[in-house]
């Protein structure tokens with residue numbers, strides 16, 4: 001009798017386990033957070049799949065420069081016609097430049113991002129210009145400063161971190177125009193900026209050669225190259241082109257082109273766009289001109305948009321993209337949204 005009861009209980013247990021077997025087989029969700037360069041997920045819902053695949057290549061250094069706008073520059077409008085009576089706030093521009101290059105300003109810029117991302121987003125250059133000039137308080141005439149800059153220092157949150165500290169201390173108000181370097185420089189050439197903060201050496205040197213910048217007191221040159229970060233090549237975590245294993249960034253770009261994998265280009269004459277154009281195989285002939293990539297439009301997308309917007313496109317399309325690292329980390333921290 002006891003043997004029969006024991007057998008009956010064993011059969012019940014077997015059938016019970018079989019009934020819930022499918023649920024028991026489901027894996028438990030991982031408790032450890034994903035590594036920084038892996039897709040970011042929340043539970044089972046993927047937030048950002050785009051990740052860094054290639055970085056720290058010598059060809060990917062991203063230098064930033066400050067330039068004061070010359071009040072005597074040959075300003076023109078969008079049609080190339082001369083513009084008269086342009087008022088440039090040279091006092092305000094010099095005040096902001098000197099503060100950014102001061103011990104306080106440089107320390108704040110160099111420390112930005114570490115608390116949020118566990119790494120620094122910008123680095124100070126060796127031999128950079130340093131200012132110890134006295135910074136005047138704002139007056140009614142000098143209070144408004146117009147800064148024309150690139151999207152990377154804006155979308156990364158750097159300006160939102162730095163400028164309130166400057167404004168609160170000295171009483172200025174900084175009006176930021178943020179676009180690609182080409183558009184930011186064009187904005188200054190129309191007399192709509194007192195200084196620029198951009199990252200394209202060739203365009204900066206042309207800006208100086210055309211008479212649009214001058215050397216502020218205490219500095220040795222017009223172009224004040226003071227900080228840098230890195231461009232990074234990002235793409236879908238699956239990395240169909242295999243760029244993560246490429247020998248260097250140029251080999252990675254060749255792999256994308258050879259496989260005709262989707263790539264989002266800024267296409268806006270920005271410093272990032274200029275850098276990207278220098279990385280494609282020369283035989284492709286890709287330039288800023290639309291005709292140069294008309295045969296590649298099945299994979300090469302020229303967005304003519306800012307860095308944040310292009311990152312959103314790359315995420316949505318599962319495409320590759322060149323971006324500055326600071327903006328990318330901010331993009332990931334915001335769960336794939338523009339800050």
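The values are calculated or read from the model by the stated rules, or taken from the named source; none is laboratory data. Remember, it's a predicted structure, so these values are computed and weren't measured experimentally. Virtual Cβ from ideal backbone geometry, glycine too; neighbours counted across all protein chains shown.
Residues in the stretch 213-236 include none that are crowded, with 20+ Cβ neighbours inside 10 Å, touching a helix residue (DSSP H, G or I) at 6+ places or on another chain (Cβ under 7 Å) and assigned to a helix (DSSP H, G or I).
In this structure, residue 196 does not qualify as surrounded by 24 or more Cβ atoms within 10 Å (Cβ to Cβ), without any contact (Cβ under 8 Å) to a residue 60 or more places away in the chain and assigned by TED's automatic domain parsing to the domain that holds residue 76. In the stretch 306-327, the qualifying residues are those that are modelled with pLDDT under 95 and under 11 Å from residue 272 (Cβ atoms), and the one that is surrounded by the fewest Cβ atoms within 10 Å (Cβ to Cβ) is 306.
Of all residues in the stretch 156-172 being outside any helix (DSSP H, G or I) and at pLDDT 95 or above, which is nearest to residue 92 (Cα to Cα)?
Among residues in the stretch 156-172 that are outside any helix (DSSP H, G or I) and at pLDDT 95 or above, the one nearest to residue 92 (Cα to Cα) is 172.
The rows are residues; the columns are (1) under 18 Å from residue 218 (Cβ atoms); (2) in contact with a strand residue (DSSP E or B) (Cβ under 7 Å, 6 or more places away or on another chain); (3) without any contact (Cβ under 8 Å) to a residue 24 or more places away in the chain; (4) surrounded by 13 or more Cβ atoms within 10 Å (Cβ to Cβ).
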residue: 53; (1), (2), (3), (4): no, yes, no, yes
residue: 73; (1), (2), (3), (4): no, no, no, yes
residue: 78; (1), (2), (3), (4): no, no, no, no
residue: 92; (1), (2), (3), (4): yes, yes, no, yes
residue: 113; (1), (2), (3), (4): no, no, no, yes
